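We did not get these values from a lab; they are worked out from the coordinates using the rules stated. Everything quoted here is computed from the prediction, not taken from an experiment. Here the Cβ is made from the backbone with ideal geometry for all residues, glycine too, and neighbour counts use every protein chain on show.
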Amino acid sequence: MANPKPLVGDVFPKITVPKLGGGELTLGRPGAGHDWQLVVVYRGKHCPICTRYLSELNAILPDLSKIGVDVVAVSADPENRAQAQVTEAGADFPVGIELTVDQMRQLGLYVSDPRSAEETDRPFAEPGLFVINDAGKLQVTDISNAPFARPALSSVLMGLNFIKNPENNYPIRGTHHVQN
């Protein structure tokens, strides 16, 4: 059975989740005066690789902000687990919580069940990265089924610097979709 997912060049689905610390967070809608958004989906508190990735993301946050890219992260974790991980990572960007399995599927993410109750108490999304441009379209995506297979954030920053430079006139790549 095919897993529907946003395709590059298509309008990114607006998915709203609870925001860590209160309120709501809408994926695909840049905030804080930015025109693009980087959405990082991470596995959750049980994943030490995710903690390092969130910390690395925080380190390039000023550089992304300079080029107009808003940064958010989201997982299926409940508030207490997400807060512990965000604190450990030193993350200073909005974090969404309680991503549902239906929302994971809407994003085309791989979904895993916990190996034990000590790991977590719910299905969780494997890593995903989405860059939504100023037209609300999916510009860049990376979806993985393993925590160790995700793009280096330094490469993402380098690529976004290139793409967002108007002199480069860089189009959305990968839009020649296979038809069934």
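One residue stands out among those in the stretch 97-130 that are assigned to a strand (DSSP E or B) and of a type in the set (Gly, Ala, Ser): the one that is farthest from residue 152 (Cα to Cα), which is 112. Scanning the stretch 136-179 for residues that are among the basic types (Lys, Arg) and either part of a loop (DSSP other than H, G, I, E, B) or touching a Lys or Arg at 6+ places or on another chain (Cβ under 7 Å) (or both) yields a total of 2. Selection of the stretch 79-96 for residues being among the acidic types (Asp, Glu) and part of a loop (DSSP other than H, G, I, E, B) yields only 92.
Considering the stretch 1-70, the qualifying strands (runs of 3 or more DSSP E), each wholly inside and each with 2 or more residues that are within 15 Å of the chain's Cα centre (by Cα) and within 24 Å of residue 155 (Cα to Cα), run over 36-41. Within the stretch 4-35, restricting attention to residues that are out of contact with any Ser or Thr (no Cβ under 8 Å at 6 or more places or on another chain), charged (D, E, K, R) and under 18 Å from residue 95 (Cα atoms), the residue that is surrounded by the fewest Cβ atoms within 10 Å (Cβ to Cβ) is 29.
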